[in-house]
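Report on one structure; see the data block that follows.
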Amino acid sequence: METALIKNLSRHVGEQVAVKGWVYNQRSSGKIVFLIIRDGSGLMQGVVAKQEIGEMVFAAAKKLTQESAVIVTGIVREEPRSVGGYEMQVTHMEIVSIAEDYPITHKEHGVDFLAEHRHLWIRTPRQAAVLRIRSEIEHALRNFFYERDFVLADAPIITPSACEGTTNLFALDYHGEKGYLSQSGQLYNEANAMALGRIYCFGPTFRAEKSKTRRHLLEFWMMEAEMAYYDIDANIQLQEEMIYYVIQRVLAKCQNELNTLDRDIEKLKAVTVPFPRISYTEAVELLKQGGEDFTWGEDFGAPHETIISSHFAAPVFVHRYPTAIKAFYMKPDPENPQVVLGADLLAPEGYGEIIGGGQRIDDLALLEQRLAEHKLPQEAFAWYLDLRRFGTVPHSGFGLGLERTVAWLCGLEHIRETIPFPRMLHKMYP
Ligand code: 4AD
Ligand code: MG
């Protein structure tokens, strides 16, 4: 007997298949039990009729508790009124296990309760839909770079130095030496790009954020690309092509999931390339026109980003931030060294910064000076300085925060739903 995934039932209409899953819901009326079954790919209604299945199995079906594991076999038919549009006339049912009283019922639960039961919460249709979309986004990103001949070069997780400032580093004991969990693969990406041309890495990154927000995790995944011979403009163009590619893929592949989430897909369809580009200085003007009290030179907070992005239907690139508020490695604009050739991408609908990136300093003396200004130890960065000694070239790169991208594309209120097991301030369990 062929086992079918619920998401693929349309391919099996009129056929007899098995579905291996769990009872999501159950109701009975007289001689029929309706089982809503989930298998991780979707929901399906199974119709269990006493007449067809026999008294004993029917009685057992009536007593099935939420999350009991079952294998049901039967003929698939189209049924527009059923969840998912298909249903199964069950002719055989094997009970694999009976679940105890399930803590997550079909009632509303509080956020803290759900967070503590994250290992079970992820079984609910909304959460599972988000995680399937996350998976699709990851695949799309990898495909995008594969199609463009980028080399996947993994960056280390344990590092001897900081990439994104020293305030939110997770330190660890590396057998007596001080090590840190990586905040970004970028510095290694730059070395890999000089070796391989155009590369990307995709891995977990860590920041000991001390504030609780809807956008910050302490452990998150970043897709980071680095390209030799790319300037800021080539960098930006690659990013917009990538985001557009990912959106088209999610729209094409995740219809059911987007429906489950009640995502307004018109907003995603409205995103076209090229994305708008404004300078930091122009963004400050937008804020002031909107009545904000904002001084040139400050960094944007989440509310500022929301105001700026609300002017656009597509994500907007904000480029040329003040040098003083950006990382040590950003290349100053030759036309105005007060600003750097960096650009952040702000997502629409108030989702804020999803990409940070820019052109890197390729001059040895300037990089040494910047390290000193930022009070970073030259020894730990000796290898990084070598990249400017041996065949230095203009180069650029960026990092896309996966979870913020998932939150935006899924239309979620909070980043905690974008990853199977979120790591947040004072929250490590489960
Ligand atoms: O802007 P960031 O700090 O840039 C870098 O780390 C660069 N070194 C990347 C590069 O050029 N290779 O972080 C990049 C992105 C942000 O735009 C945001 O989407 C995400 O990572 N991010 C976070 N996501 C969730 N929780 C946090 N605490 C995050 N911090 C950054
Ligand atoms: Mg940033």
Is it fair to say Ala171 is of a type in the set (A, V, I, L, M), surrounded by 20 or more Cβ atoms within 10 Å (Cβ to Cβ), assigned by TED's automatic domain parsing to the domain that holds Ser279 and more than 16 Å from ligand 2 (Cβ to nearest atom)?
-> no
Name the pairs whose Cβ atoms lie under 6 Å apart, with the first residue in region 159-174 and closer than 16 Å to Leu187 by Cα, the second outside any loop (DSSP other than H, G, I, E, B), and 6 or more positions between them or separate chains?
-> Thr159/Tyr180; Pro160/Ala380; Ser161/Ala380; Cys163/Gln186; Cys163/Leu187; Leu169/Tyr180
Restricting attention to region 69-83, report how many residues are more than 16 Å from Gly14 (Cα to Cα) and either among the charged types (D, E, K, R) or surrounded by 21 or more Cβ atoms within 10 Å (Cβ to Cβ) (or both).
-> 2
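Is it true that some residue in region 94-108 is in a strand (DSSP E or B), surrounded by 15 or more Cβ atoms within 10 Å (Cβ to Cβ) and touching a residue at least 12 places away in the same chain (Cβ under 8 Å)? Spell out the reasoning first.
Filtering region 94-108 for residues in a strand (DSSP E or B) gives 94-97.
Next, from what is left, pick out any that are surrounded by 15 or more Cβ atoms within 10 Å (Cβ to Cβ): 95.
Narrowing further to those that are touching a residue at least 12 places away in the same chain (Cβ under 8 Å): 95.
Yes: region 94-108 contains one or more residues that are in a strand (DSSP E or B), surrounded by 15 or more Cβ atoms within 10 Å (Cβ to Cβ) and touching a residue at least 12 places away in the same chain (Cβ under 8 Å).
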Search result, residues across region 332-347 that are within 14 Å of ligand 1 (Cβ to nearest atom) and either without any contact (Cβ under 8 Å) to a residue 60 or more places away in the chain or outside the structural domain of Glu190 (by TED's automatic domain parsing) (or both) = Val340, Asp344, Leu346
For Tyr174, are the conditions met, namely being modelled with pLDDT of 95 or more, at positive phi and among the aromatic types (Phe, Trp, Tyr)?
-> no
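Quick test for you: out of Gln378, Gln338, pick the one residue that is more than 14 Å from ligand 2 (Cβ to nearest atom) and either out of contact with any Leu (no Cβ under 8 Å at 6 or more places or on another chain) or among the basic types (Lys, Arg) (or both).
None of the others qualify; the one that does is Gln338.
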Those residues that are more than 9 Å from ligand 1 (Cβ to nearest atom) and under 23 Å from Tyr200 (Cα atoms), I need them from region 348-362; list them, please.
-> Gln359, Ile361, Asp362
Report, ordered by the first and then the second residue, all pairs with beta carbons closer than 8 Å, sequence separation of six or more or different chains, a first member in region 277-294 that is exposed (fewer than 13 other Cβ atoms within 10 Å of the Cβ), and a second member that is among the acidic types (Asp, Glu).
-> none
Of the residues Glu164, Glu136, which is within 15 Å of ligand 1 (Cβ to nearest atom), of a type in the set (D, E, K, R), surrounded by 13 or more Cβ atoms within 10 Å (Cβ to Cβ) and assigned by TED's automatic domain parsing to the domain that holds Phe398?
-> Glu164
Could you please give the count of residues in region 367-410 that are of a type in the set (D, E, K, R) and within 14 Å of ligand 1 (Cβ to nearest atom)?
-> 2
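Listed here are the residues, each with its yes/no results for (1) farther than 15 Å from Phe398 by Cβ; (2) away from ligand 2 (no atom under 15 Å from the Cβ); (3) surrounded by fewer than 23 Cβ atoms within 10 Å (Cβ to Cβ).
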site: Asn189; (1), (2), (3): no, yes, no
site: Thr205; (1), (2), (3): no, no, no
site: Thr213; (1), (2), (3): yes, no, yes
site: Met223; (1), (2), (3): no, no, no
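The values are calculated or read from the model by the stated rules, or taken from the named source; none is laboratory data. Remember, it's a predicted structure, so these values are computed and weren't measured experimentally. No Cβ is skipped: glycine too gets one built from the backbone with ideal geometry, and neighbour counts run over all protein chains shown.
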